[in-house]
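Here is the structure we will look at.
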Amino acid sequence: MRKTLERVATIVEDDAASRRLLQRQLELAGYTVRAASNGRDAIEMMSELGSGIVIADWSMPELDGIQLCRALRELESMQALGSIYYILLTAHTGKEQVIEGLAAGANDYLTKPYHSGELLARVQVGERVLGLQEELRRQTVEFQKANLELALLSRKLDDMANTDALTGLSNRRCLLARLKEAWDSSTRGGQSLSCIMLDIDKFKRINDTYGHEAGDEVLKATATRLRGSVRRPDMCGRLGGEEFAVVCAGIDSATASTVAERIRHAISATPVRCGDKEIPVTTSCGVAQRDD
């Protein structure tokens with residue numbers, strides 16, 4: 001949708017003489033005028049322009065001013081058009097006709113024959129209204145953008161508060177909180193709950209032999225293999241140092257032992273590569289189950 005050009009008015013009038021007069025009056029006032037002789041052409045023009053002021057005669061063949069107004073409002077409600085300020089030109093002076101025009105979605109009306117000064121004054125009112133709507137839309141977009149940025153920042157801070165920076169697993173605080181939730185749920189519902197704890201064998205020797213950078217690589221590789229070995233509902237976390245834990249809701253210790261063996265094998269199956277070094281890694285695991 002293209003943004004509306006400044007001081008643009010679209011006129012819709014099937015009578016050629018009236019259309020030329022209206023166009024001339026608006027152009028003398030500094031407006032760029034787009035003219036249509038029927039409602040269907042006007043819809044195409046507004047679809048291209050996007051939004052703006054429309055001045056339309058009531059009585060026209062094919063699509064009269066009331067039908068055109070309803071069609072534009074429908075497109076506007078579908079967000080196929082931007083804001084439209086619709087001025088209806090009519091020879092009708094009865095209140096019923098005026099009410100009908102406004103009920104169809106017209107913002108204003110002008111009774112023929114009209115005074116050129118009154119026409120321009122009403123068009124200027126339309127400009128101000130559209131300007132205020134555009135400013136409100138801009139502020140709304142900025143507000144939504146700020147809210148999105150705030151939500152993303154909040155999520156990032158939440159992730160930072162709950163995630164171990166080195167391994168990407170849940171940190172100790174988050175893991176223990178989730179364990180408490182699982183414990184309470186298991187106590188209320190009577191479901192099984194097991195927990196696996198594991199640590200890397202002789203991790204201090206790895207640091208002393210290969211350096212702390214290599215030790216960090218071992219921790220990250222262990223976390224990756226751990227995460228890839230558990231069930232989808234299980235929660236993995238780093239308790240600290242070389243110690244990890246897995247909260248396994250809904251399974252007993254026998255099933256958790258099978259998971260633990262799968263973890264142990266996944267971690268020890270392939271040495272961790274750090275530069276030109278290959279570091280063998282093994283872990284020891286323990287399993288506990290909540291019971292009455």
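For region 37-56, which positions are in a helix (DSSP H, G or I), under 20 Å from V123 (Cβ atoms) and not hydrophobic (A, V, I, L, M, F, W, C)? Lay out the reasoning, then the answer.
Our first condition is that a residue be in a helix (DSSP H, G or I); within region 37-56, this holds for 39-49.
The next check asks that each one be under 20 Å from V123 (Cβ atoms); those that pass are 39, 42, 45-46, 49.
Residue satisfying the conditions is G39 alone.
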Output for region 235-292, where each listed residue is of a type in the set (K, R), free of Cβ contacts under 8 Å to residues at least 60 places away in the same chain and not in a helix (DSSP H, G or I): R273
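Just give me the residues in region 200-219 being in a helix (DSSP H, G or I), crowded, with 17+ Cβ neighbours inside 10 Å and not aromatic (F, W, Y), in sequence order.
If we filter region 200-219 for residues that are in a helix (DSSP H, G or I), which is where we start, we get 203-210, 212-219.
Checking which are crowded, with 17+ Cβ neighbours inside 10 Å leaves us with 203, 206, 210, 214-215, 217-219.
Answer for region 200-219, where residues must be in a helix (DSSP H, G or I), crowded, with 17+ Cβ neighbours inside 10 Å and not aromatic (F, W, Y): I206, A214, G215, E217, V218, L219.
Any residue in region 65-79 that is open to solvent by less than 70 Å² (accessible area, probe 1.4 Å) and in a loop (DSSP other than H, G, I, E, B)? Give the steps one after another, and end with the answer.
From region 65-79, those open to solvent by less than 70 Å² (accessible area, probe 1.4 Å) are 65-66, 68-69, 71-73, 75-76; that's our starting set.
With the extra rule that they be in a loop (DSSP other than H, G, I, E, B), the set shrinks to none.
No, because not a single residue in region 65-79 is open to solvent by less than 70 Å² (accessible area, probe 1.4 Å) and in a loop (DSSP other than H, G, I, E, B).
Any chance region 25-38 includes a residue that's more than 40 Å from the chain's Cα centre (by Cα), of a type in the set (F, W, Y) and surrounded by 16 or more Cβ atoms within 10 Å (Cβ to Cβ)?
Initially, region 25-38 is screened for residues more than 40 Å from the chain's Cα centre (by Cα), giving 25-30, 37.
Those still in the list that are of a type in the set (F, W, Y) too: none.
No, region 25-38 has no match at all.
Every residue in region 81-137 that is part of a loop (DSSP other than H, G, I, E, B) and among the hydrophobic types (A, V, I, L, M, F, W, C), please. Please lay out each step first, then the result.
Initially, region 81-137 is screened for residues part of a loop (DSSP other than H, G, I, E, B), giving 81-83, 91-94, 104-107, 112-115.
Hits for region 81-137 are L81, A91, A104, A106.
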Tell me which of these R238 doesn't satisfy, since it passes every other one: (1) buried (at least 18 other Cβ atoms within 10 Å of the Cβ); (2) among the basic types (K, R); (3) farther than 13 Å from T222 by Cα. (3)
How about region 12-24: which of its residues are assigned to a loop (DSSP other than H, G, I, E, B) and buried (at least 22 other Cβ atoms within 10 Å of the Cβ)? E13
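Residues checked against (1) small (G, A, S); (2) in contact (Cβ under 8 Å) with a residue 40 or more places away in the chain; (3) closer than 24 Å to R137 by Cα:
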position: Q23; (1), (2), (3): no, no, no
position: L26; (1), (2), (3): no, yes, no
position: G30; (1), (2), (3): yes, no, no
position: S37; (1), (2), (3): yes, no, no
position: L72; (1), (2), (3): no, no, yes
Looking at (1) in a helix (DSSP H, G or I); (2) hydrophobic (A, V, I, L, M, F, W, C); (3) within 38 Å of the chain's Cα centre (by Cα), find the lone condition where A9 falls short. (1)
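Collect the residues in region 159-199 that are of a type in the set (D, E) and either in contact with a Leu (Cβ under 7 Å, 6 or more places away or on another chain) or open to solvent by 50 Å² or more (accessible area, probe 1.4 Å) (or both), keeping them in residue-number order. Walk me through how you get there before you give the answer.
If we filter region 159-199 for residues that are of a type in the set (D, E), which is where we start, we get 159, 164, 181, 184, 199.
Correct list: D159, E181, D184, D199.
The values are calculated or read from the model by the stated rules, or taken from the named source; none is laboratory data. Being a predicted model, the structure only gives us computed values, none of them experimental. Cβ atoms come from the backbone with ideal geometry, glycine included; neighbour counts cover every protein chain shown. Please note that ligands, DNA and RNA were not included when accessible areas were found on the heavy atoms of the full protein model with its side chains. Shrake-Rupley method; radii C 1.70, N 1.55, O 1.52, S 1.80 Å.
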